[in-house]
Number of protein chains: 2
Amino acid sequence: MFKINDNYLKLPGSYLFSTIAKKVAAYKEANPDKEVISLGIGDVTQPLAPAVIEALHKAVDEMSVAETFHGYAPDLGYEFLRKAIIDNDYKARGVDIALDEIFISDGAKSDSGNIVEIFSTDNTIAVTDPVYPVYIDSNAMAGKTGDYLQDKQAWSDVIYMPCTAENDFTPDFPERTPDIIYICCPNNPTGTTLTKDALSKWVRYALDNKAVIIYDAAYEAYISEEDVPHSIYECDGAKECAIEMRSFSKNAGFTGTRLGFTVIPKALKSGDVMLNSLWARRHGTKFNGAPYIIQRAGEAVYSDEGKAQTKAQIAYYMNNAKIIREGLNAQGYKTYGGVNAPYIWLKTPDGVTSWDFFDILLEKANIVGTPGSGFGPSGEGYFRLTAFGSKENTEKAIERIKNL
Amino acid sequence: MFKINDNYLKLPGSYLFSTIAKKVAAYKEANPDKEVISLGIGDVTQPLAPAVIEALHKAVDEMSVAETFHGYAPDLGYEFLRKAIIDNDYKARGVDIALDEIFISDGAKSDSGNIVEIFSTDNTIAVTDPVYPVYIDSNAMAGKTGDYLQDKQAWSDVIYMPCTAENDFTPDFPERTPDIIYICCPNNPTGTTLTKDALSKWVRYALDNKAVIIYDAAYEAYISEEDVPHSIYECDGAKECAIEMRSFSKNAGFTGTRLGFTVIPKALKSGDVMLNSLWARRHGTKFNGAPYIIQRAGEAVYSDEGKAQTKAQIAYYMNNAKIIREGLNAQGYKTYGGVNAPYIWLKTPDGVTSWDFFDILLEKANIVGTPGSGFGPSGEGYFRLTAFGSKENTEKAIERIKNL
């Protein structure tokens, strides 16, 4: 008789954004006349850059002729894309990454979910709290998180590292020593960052404790301040302890186009075993590459036109972030983030819970945001708004909140 | 201190096709003047159909304008594609599948590798032998296969069901009862099929033993004979015991375009738990959809033009299969398959081992095929050739084999 993986049954409710989507759908059905503005899920709204569109058309044409048709991609991804990544994202910042240390994928969500597979079940993970749900849920599915404690809204075997206004959203070293540490910087959901100095201390801590850092840099392109590292490998020693994940979703609007990559330096080892080899084996066995045409689109992001055009997109979204931040601050809200990231993390007014504030905003202002508590216990009393809407909708939303 | 998943260390060598690729690369480097013909990996060579190209261009244009831009796709995939699948692949064959029983993915390789996650580690799997390596390797990575026995070239905890000329490539029910049964039909690598009657017996067997069948129908479009089921759901009771996987790779040349889907009927349960719900949770947490433009390309496969054009592609490849089959038979080789599948499975001459025959073919005829033993112990003494080359190369290859 077959048996299911009953770790799945321990998962509380459904994936956060699915829950929100269902709530919003129900509200819309009951109130068909209301115009709902979504500043909830971190999904982009601006079209793909012209350079990307051009590359896509060109690659599609290649696929229409036998001579230039492309079948299965190389296991790690096409070299043209890996080379563009190395030159632009790493070499340009003084970081030396080899071609076979980059693994092209269909996105950072898949990679950050699948990466658990190369680790044993008896590792203890530490996450910043609040946290992007995929890190925890993927570990819970693999039976690495203990039991879900309903009263604490937390897993018994996960080390939560609170990141709140009290510690300036910079996690303290935990009492119990973790084996695997998830860091997302710039942070989703708080929109805050770590300085190079603060991140370097975490690298030191990981090396001292033989822990590995899973570093999610999906929002790297939104960094505007000087002292914030774009890659963890800017910190000394990180190649011996860190895996870095990147995405084209937010820097180039690829949420519906799907492309990302993971860097695993060959210096990152457990005894004699390179984690790079394990991931290569996983990648070669359970994945079959991102589409050729999408990899060409990714390459175009690094062309001169592509860079200028995607930079303009980011400026557009960051202007929205400014509108939200300044608009809310003027109304007396306490806000965080939105300077190096497209997320604004706000303190709910009058001690209202995150989900209550979600309901108020949806019902009274027809605005969808994301309840902070959905990201972890320390997110309670906070709320996330994203800068990915249109400028018009963003302005309208702030106006509506003013009239709440 | 972090610990790796040391199940990975038990895996013998690297993924079969990576090994072959390395051997071929070494040969080409040492013999740059030789023109090597690949009838090895199952990769297509014909360009995408015009209807697919047109749909891709159109979808790319949609992505260039905010009004028609698409961000994150719905968790299960776009309804337009799921509906086309249901109407054409199922309803047209008298099978009733609901919209939320279909999960669009980036391909059947990913799905057949990832599906292990929703099952407990203490299931015993049964595979037909020879077998597509991903089924076993993905289970080995999850610690579900015991130890690899080098002398037997087999895993201690896997039930191998020999499929050889002796049993007409139809597996017998095994002595030990399995929990999960992998069946690929039409079969990769042997190119053979099961009749509806034979498959129905397996469905009955699975129901009687509360086992689940993972049914890989990636080559369904190549079926030419009447009595071969296109979907396992044509067999009574299959919805209570089978998961079906399909791919656009082989029927529409999407190996480098990446699209597939998995069907999990809601009737398939473990106690009260629907496997559909578990996969939905996995899909929503660790995957973020196939690209919008690729899903539109998939939809175009089901248009009238798309159907006619992809049918012509399949006819092209199946003509190659005929050339190989008849050419080899005329030379006294014993061949199987190639009638309902793009693979020809041949008995190596004079009791030569599969890998020796690989070397002979590569070095003396400059042809790349796949050693049968790479697919499992019962593949020893067999060899796989694929029909996915060009007609010219296929004819040339048969001519070269004649002159061996």
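The values are calculated or read from the model by the stated rules, or taken from the named source; none is laboratory data. These numbers were taken from a predicted model, which means no experiment stands behind them. Don't worry about glycine lacking a Cβ; one is built from the backbone with ideal geometry, like all the others, and counts go over all protein chains shown. Please note that ligands, DNA and RNA were not included when accessible areas were found on the heavy atoms of the full protein model with its side chains. Shrake-Rupley method; radii C 1.70, N 1.55, O 1.52, S 1.80 Å.
Mind checking Rg over Rh on the range B:234-280, alpha carbons, Kirkwood formula for Rh? Radius of gyration relative to Kirkwood radius: 1.11. Label positions at B:E29 and B:Q331, each projected 7 Å from the Cα along the C-beta direction, are separated by 2.9 nm.
Can you compute the charge dipole magnitude of the range A:1-98 about its Cα centre, using +1 on each Lys and Arg Cβ and -1 on each Asp and Glu Cβ, nothing else charged? Give it in debye, rounded to the nearest 20.
Numbers: 11 positive and 14 negative charges, 121 e Å.
It works out to roughly 580 debye.
Mind pulling the per residue volume of the convex hull built on the Cα atoms of chain B? Å³ is fine. Could you put the intermediate results ahead of the total?
Values: hull volume 68.5 nm³, N = 404.
Considering the Cα atoms of chain B, their hull volume per residue is 170 Å³.
Placing a label point 7 Å from the Cα of A:K196 along the Cα-to-Cβ direction, the residues of the range A:225-254 whose backbone N falls under 11 Å of that point are A:226-231, A:234-236. Of the whole protein surface, B:C235 contributes about 0 Å² of accessible area at a 1.4 Å probe radius. Positive end of the charge dipole of the protein assembly as shown (Lys, Arg +1 and Asp, Glu -1 on Cβ, about the Cα centre): tell me which of B:L362, A:Y219, A:Q313 has its Cα farthest that way. Final value for the positive-end residue is A:Q313.
Here B:P74 yields copy-to-copy label distances, from shortest upward, of 3.9 nm, the label point defined as 7 Å from Cα along Cα to C-beta.
Could you state how much accessible area is buried at the A-B interface, both sides summed, with a 1.4 Å probe, in Å² to the nearest 100? Buried area between the two chains comes out at roughly 6700 Å².
Output the Kirkwood hydrodynamic radius of the range B:141-249, Cα pairs only, in Å rounded to one decimal. Display every interim value, and only then the final one.
Values: mean 1/r = 0.0674 Å⁻¹.
Evaluated on the range B:141-249, it is 14.8 Å.
Give me a single rounded figure for A:292-299: the average over its residues of other chain Cβ atoms within 10 Å of their Cβ.
Values: counts 4, 10, 5, 1, 0, 4, 0, 0.
So the per-residue partner count for this stretch is 3.
In nanometers and ordered shortest first, the copy-to-copy spacing of the A:Y316 label point, defined 7 Å from Cα toward Cβ, is 3.9.
So what is the orientation-averaged projected area of the protein assembly as shown, using the convex hull of its C-alpha atoms, in nm²? Display every interim value, and only then the final one.
Working: hull surface 130.8 nm².
Reported value for the Cα convex hull: 32.7 nm².
Note on B:259-272: average number of Cβ atoms from other chains within 10 Å of each residue's Cβ is 1. Determine, from the Cβ-Cβ distance of B:R93 and A:L9 and an R0 of 45 Å, the FRET efficiency 1/(1 + (r/R0)^6), rounded to the nearest 0.05. Calculated value: 0.85. Label-point spacing for B:P50 across the identical copies (point 7 Å from Cα in the Cβ direction), in nm and ascending order: 3.1. Under the convention that each Lys and Arg Cβ holds +1 and each Asp and Glu Cβ holds -1, the size of the dipole of the range A:319-371 around its Cα centre is about 260 debye.
In plain terms, if you count all Cα to Cα distances in the range A:186-229 and split them into 10 Å steps from zero, the share in each step is 26, 52, 21, 1 percent.
With protein chains left intact and a 1.4 Å probe, residues in the range A:46-201 average 36 Å² of accessible area per residue.
As a test of the formula, what do you get for chain A when each DSSP H run with n ≥ 4 contributes -39,500 (n - 2.57) and the sum is divided by the residue count, at 222 nm and rounded to the nearest 500 deg cm²/dmol? That comes out to -10500 deg cm²/dmol.
Mean silhouette area of the range B:209-314, derived from the convex hull of its C-alpha atoms and averaged over all directions, reads 8.2 nm². Farthest toward the positive end of the dipole of the protein assembly as shown, out of B:L81, B:V134, A:F103, is the Cα of B:L81, where the dipole comes from beta carbon charges about the Cα centre. With a 10 Å cut-off around each Cβ of B:48-61, the average count of Cβ atoms from other chains is 4. Taken about its Cα centre, the protein assembly as shown carries a charge dipole of roughly 240 debye when the Cβ of each Lys and Arg holds +1 and the Cβ of each Asp and Glu holds -1. Maximal additional length on extending the A:V65-A:R204 stretch stands at 44.8 nm, based on 0.36 nm per residue less the C-alpha distance. Counting lysine pairs in the range A:165-307 whose alpha carbons fall under 20 angstrom apart, excluding pairs fewer than 8 residues apart on the same chain, gives 9.
Note on B:K322: aspartates and glutamates with a C-alpha under 13 Å away, same-chain residues under 8 apart excluded, are B:E395. In the complete set of protein chains, residue-level accessible area for B:Y90 is approximately 0 Å², probe 1.4 angstrom. Amide H to amide H distances under 5 Å link A:W155 with A:L149, where only residues 5 or more positions off or on other chains count and H is placed in the peptide plane. Carbon and sulfur: what percent of chain B's accessible surface (1.4 Å probe)? Exposed carbon and sulfur together represent 48 percent of the surface.
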